[in-house]
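Only one structure is covered here, and it is reproduced in the block below.
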């Protein structure tokens with residue numbers, strides 16, 4: 001019974017997250033005031049924080065498997081730098097926040113259990129300034145720190161047990177049959193209709209609370225506190241102009257905005273002093289990057305950065321145009337643009353990376369590696385720079401140097417999943433198979449596949465080339481990870497299927 005309860009809890013938690021992303025309330029909300037949830041509240045008992053983190057990792061694993069998360073080191077570093085600037089000014093409640101970008105043109109952002117926060121490329125492109133982007137992240141951070149997920153589950157456990165049971169069945173069937181996201185969305189949307197009004201009643205109150213806490217976070221982090229209301233109001237105006245008043249932005253489906261809520265956000269922002277803000281260089285570059293890299297075609301990417309005759313391009317526009325030229329297989333043109341950008345602003349790491357990659361694409365590998373080495377002297381252990389440098393080293397058949405470079409980064413900077421997967425590839429190509437097992441185990445831990453992580457660690461420990469010190473390290477790590485496995489997962493580990501490194505290449 002204990003295991004059954006744990007399984008149902010996990011499924012229920014996942015259900016609520018998916019349901020929140022699908023709900024589309026439309027009625028006017030009353031303002032609700034919430035106090036910080038107390039330690040030891042009923043929500044804590046129903047969904048402990050360690051369980052919340054485990055569920056979040058499971059959902060992240062699904063995102064990784066579906067290829068939804070953009071594994072772009074430049075974008076990943078930017079969105080995490082911005083997010084952690086905000087997190088540094090809140091009571092994070094021991095959450096280990098991770099921010100990621102989803103390749104999706106729709107306007108949306110969301111918070112998952114455990115502090116995982118995703119933002120769509122479409123929303124990044126819609127923002128007019130960094131304050132607006134920060135306001136969305138601050139709002140999502142507040143959903144996590146205020147424990148809205150746990151509190152929602154607590155509310156649902158009392159109010160809609162039958163509805164939740166039906167949704168649990170839909171998710172269980174989908175998981176067992178390997179059904180895609182559309183099937184699950186359809187099944188959950190059907191069962192949620194019964195309890196839609198109850199969902200509206202508390203979801204809107206949590207939105208007000210997330211606004212309040214988010215605005216305070218913006219103020220403490222030095223951003224323009226009016227940005228949240230401005231962004232919501234602008235989306236609301238654009239939506240009102242569509243045919244039949246239909247919701248144009250997915251963000252408004254999951255974060256319903258009324259005129260009263262916008263007015264409340266403006267009134268709350270007025271309590272803080274005005275601050276003069278300006279966009280960072282990185283904001284403009286990363287916004288351009290999403291347009292250049294994720295346009296449907298190279299031609300569409302180039303069209304994004306075409307300017308009327310006589311108009312002076314911004315540096316962000318030039319950066320985006322250079323990336324679009326790379327997509328259009330015109331690296332020589334991109335190289336010229338990047339050289340000009342570096343002359344004007346040599347401290348911007350993205351320009352050095354772009355130049356080196358353009359040189360490599362233009363078959364000038366010597367110049368590319370020289371550019372990387374100069375940049376490494378200027379910006380030691382920068383994550384995107386090191387990853388791109390290692391990629392070119394691997395392309396030029398220098399896996400040993402790539403492994404050495406990545407290992408230094410791994411030992412000094414908290415790694416990203418992409419970084420760990422790349423060092424596994426370097427280790428394989430450098431014929432350091434035992435270490436490759438360890439790295440891929442760490443990658444699977446980071447992406448939520450604990451079973452495969454333990455399998456890899458135990459297999460790595462038993463390789464002939466594994467040293468006694470490596471073996472002890474591998475087994476200790478495997479024992480530590482095994483403590484977080486269910487009994488069923490431990491049975492999977494005992495089957496000890498042979499791992500494959502195909503995903504690293």
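No value in this document is a laboratory result; all are computed from the given coordinates. Treat the numbers as computed from the prediction; the structure is a model and nothing was measured. Here Cβ is always computed from backbone atoms with ideal geometry, including for glycine, and neighbour counts include all displayed protein chains.
Taking 7 Å steps out from each Cα toward its Cβ at residue 476 and residue 433 produces label points 2.5 nm apart. Between residue 50 and residue 463, full extension at 0.36 nm per residue minus the direct alpha carbon distance yields a gain of 145.3 nm. Using 0.36 nm per residue and subtracting the Cα-Cα separation, the extra length available between residue 270 and residue 407 on full extension is 44.4 nm. With neighbour counts taken as other beta-carbon atoms within 10 Å, the residues 408, 94, 364, 211 rank, fewest first, as 94, 408, 364, 211.
With N residues in segment 254-311, what two-decimal value do you get for its Cα radius of gyration over 2.2 N^0.38 Å?
Rounded to two decimals, the normalised Rg is 1.78.
For the pair residue 336 and residue 484, what calculated FRET efficiency results from E = 1/(1 + (r/R0)^6), where r is the Cβ-Cβ distance and R0 = 60 Å, to the nearest 0.05? Step by step, r from the Cβ atoms, then E = 0.70. Our estimate of slack between residue 492 and residue 299, defined as 0.36 nm per intervening residue step minus the Cα-Cα distance, is 64.7 nm.
Based on the Kirkwood radius over alpha-carbon pairs, what is the Stokes-Einstein translational diffusion coefficient of segment 334-409 at 37 °C with 0.692 mPa s viscosity, in µm²/s?
269 µm²/s
For segment 361-394 and segment 299-345, what is the separation of their C-alpha centers, rounded to whole Å? Answer, in whole Å: 20. Over segment 280-379, the alpha carbon radius of gyration divided by the compact-protein estimate 2.2 N^0.38 Å works out to 1.03.
In which sequence would 372, 294 go, from the one with the fewest C-beta neighbours within 10 Å to the one with the most? Intermediate results must be reported in sequence, preceding the final value.
On the way: 372 26, 294 20.
Ordered from fewest to most neighbouring Cβ atoms within 10 Å, 372, 294 come out as 294, 372.
With the simple spin-label model, which puts each label point 7 Å out from Cα in the Cβ direction, the residue 92 to residue 345 separation comes to 2.8 nm. Among 447, 333, the ranking by other beta carbons within 10 Å of each residue's beta carbon, starting with the fewest, stands as 333, 447.
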